[in-house]
Amino acid sequence: MVVAFVSIRGDLIVRALIFLVAIAGTLSPARAIENRSLVSGGLIAGSSENGVQAFKGIPFAAPPVGDLRWKPPQPVVSWDGVKACTEFGPACPQPVVPPDSFYAYTNPKEFDEDCLFLNVWTAAKSGDERRPVMVWFHGGGLTRCSGADARTNGANLAKKGVVLVTVNYRLGPLGFLAHPELTREEPKGVSGNYGVLDQIAALRWVQENIDQFGGDPGNVTIFGQSAGSWSVQTLVASPLAKDLVHRAIGQSGGLFGDATWLDRAEEGDRSGHQIGEDFFAACGVKSVSEARALPASALIEATKQKGGSFRTRPVVDGWVLPDSLDEIYQSGRQNDVPMIVGSNANEWSSLSAPEYLPKTTATLEEQIGRIFPGAVFSDFVRAFGGGTDDTAMDAYLAMMRDLVFSAQMRQWARATENVTSDAFVYYFTSAPPIPNSEYLGAYHSAEVPYPFQNISPTFGDLDRALSEVMSDYWVNFAKTGDPNGAGLPKWKPYTLDSEPYLELGHTVRSGNHLQKRELDYLDKLRGVN
């Protein structure tokens, strides 16, 4: 196409070229997808990987640097000529995971505050195909990782008929700092949530550009794991994401009961403003201008300092989040979209060093007392066991799994009863064959590569079969809002009376009332109805 060789200068010319491409598409039966595409900002060139077109490091917003640090994402800056999009863009500055950490392999290779890039994989032959779109938001506590994780490479999902997008967003204090001075300078009178606004900007980019890759902007599924699942939960709750999200998948992550309010503290917690003021003190600055003059590395380093305890969470600001997640979901004010939600059988095994786990009933009772002041230990034992030294550690691991993950996902599933769309609940039980797998089991994030079909070649036939099944469920859901399909075990939608779920393990089978005794006990302690 002649347009592929035109230099792009300025937003008006970009819009004109997009118009010309659109007209060209109406004059021909199909718009062939090649290694060059026209997107917001200009022309990009990708690469071909085994029949899949990959476009990596596409800018979707202006670099959030200088005066744009702690500002909502701004429109992408146009470029001249053809931008090579064959390598992942840098990740947001973040603490480096120690090399001996269980999650060290998720470290991005490069950090830079200019980090607002996304990646697209497509096997569509024509821009007119309108394939379902899946947008992945990575985990990492909103403080680490990026859209370049090898476990979430999108080529295999693209071969199954979706257009796959992974996204970088601002992390830690660069993405979630609220402060009174920032609130005063923002016309909407809010601050914080910059990382969430980045995610929304990426979804808007999808609306404006994904048809160039054969994707359907009217059928977008967002999904994520851990903090990526927090992001999914937040986006489904946000009125700013209405009409940008049509289906959603949350894997092992929820933020019910964990609200940070912009300008008021509740139950002894600090407000977003107070957290920001404490953080500035830890940085040794008194004003936003001084803080913007600091290198990003100094901000990341300050998160490690005593007294600089920055809490990386979305804030209830009245704009991105008009209320707490609990209130939004309980009142049915979330965006009404079909959901898949679930968790893993051994979430906590990789999140706590064994030396810190209780080995006796006495130490278990002591730890339960610290977590739930006033709890009756005999009631805990009736729910989780742990009445003997031999069972104390397993009871604690099960309790933490359920408190942090299973209870959150059940509460999320139950909240879908307040809207019209269905929810489907899973429980992942496969222990990947890695060192120490007998202890780790189905650990936190173990399921991530399975739906992407990126499991290790060293895994066995049962894991490959599970990966195929999970991938089919996820793709079917992205296509229709229902994961079921020919040749797959039936997955029933969630209802309050029977609470069906699907176990995703070496045997895929249905069940009811997942961990009901344990979760009912925890909900009573948490004050959840």
Can you work out the FRET efficiency for the pair D128 and V96, with r the C-beta to C-beta distance and R0 = 51 Å, to the nearest 0.05? 0.70
By the rule of another cysteine's Cβ lying under 4.7 Å, the cysteines of the chain that fail to get a partner are C85, C145, C283
Given Cα positions, please report Rg to Rh for region 2-258, the hydrodynamic radius being the Kirkwood one. 0.96
Given unit charges at Cβ for Lys, Arg (+) and Asp, Glu (-), the dipole magnitude of the chain about its Cα centre in debye, nearest 20, is 1020 debye
Peptides ranked, highest mean first, by Cβ atoms within 10 Å: ranges 255-262, 377-384, 337-344: 337-344, 255-262, 377-384
Would you compute, from DSSP H runs of 4+ residues alone, the mean residue ellipticity of the chain at 222 nm, taking -39500 (n - 2.57) per run and dividing by the full residue count, rounded to the nearest 500? -9500 deg cm²/dmol
Points 7 angstrom from Cα along the Cβ direction at E468 and S48: gap in nanometres? 2.7 nm
What nm distance separates the two modelled labels at D243 and D323, each placed 7 Å from Cα along Cα→Cβ? 2.3 nm
What is the P(r) of region 314-393, as percent of Cα-Cα pairs per 10 Å bin from 0? 14, 28, 23, 26, 9, 0
Where N is the number of residues in region 287-440, Cα Rg divided by 2.2 N^0.38 Å: 1.36
Per 0.36 nm of contour for each residue apart, how much would the distance between H506 and Q74 grow if the chain were fully extended, relative to their Cα-Cα spacing? 150.9 nm
How many percent of DSSP beta bridges within the chain run antiparallel, rounded to 5? 35 percent
Computed on alpha carbon atoms, what radius of gyration and Dmax characterise region 206-258, expressed in Å? 12.2, 41
Under 20 Å Cα to Cα from K242, which lysines show up? Leave out anything in the same chain fewer than 8 places away. K188, K479
How compact is region 413-479 by the rule of thumb for globular proteins, expressed as Cα Rg over 2.2 N^0.38 Å? 1.32
What order do you get for 359-365, 181-187, 95-101 when each peptide is scored by the mean count of other beta carbon atoms within 10 Å, highest first? 359-365, 181-187, 95-101
Evaluate 2.2 N^0.38 Å with N set to the residue count of region 92-208, then give the Cα radius of gyration divided by it. 1.22
Order 197-207, 223-233, 478-488 from most to least packed using the mean count of other Cβ atoms within 10 Å. 223-233, 197-207, 478-488
If you average over every viewing direction, what projected area does the convex hull of the Cα atoms of the chain give, in nm²? 24.6 nm²
Rounded to whole Å and ordered largest first, report the semi-axes of the equivalent ellipsoid of region 211-290 derived from its Cα gyration tensor (root of 5λ). 33, 17, 12
Which of N209, A282, Q74 sits closest to the plus end of the dipole of the chain, meaning its Cα is farthest towards the positive end, when Lys and Arg get +1 and Asp and Glu get -1 on the C-beta? N209
If R0 = 25 Å, then E186 and E110, at their Cβ-Cβ distance, give a FRET efficiency to the nearest 0.05 of 0.25
Determine one quarter of the surface area of the Cα convex hull of region 360-492, which equals its mean projected area, and express it in nm² to one decimal. 10.8 nm²
Can you give the Kirkwood hydrodynamic radius of region 231-364 from its Cα pairs, in Å with one decimal? 17.8 Å
Checking the cross-link filter: which lysines have an alpha carbon closer than 20 Å to that of K56, excluding same-chain neighbours under 8 positions apart? K83, K109, K125, K159, K160
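No lab work stands behind these numbers, since they all come straight from the coordinates. From a predicted model like this one, the values you see are computed outputs, not experimental measurements. Virtual Cβ from ideal backbone geometry, glycine too; neighbours counted across all protein chains shown.
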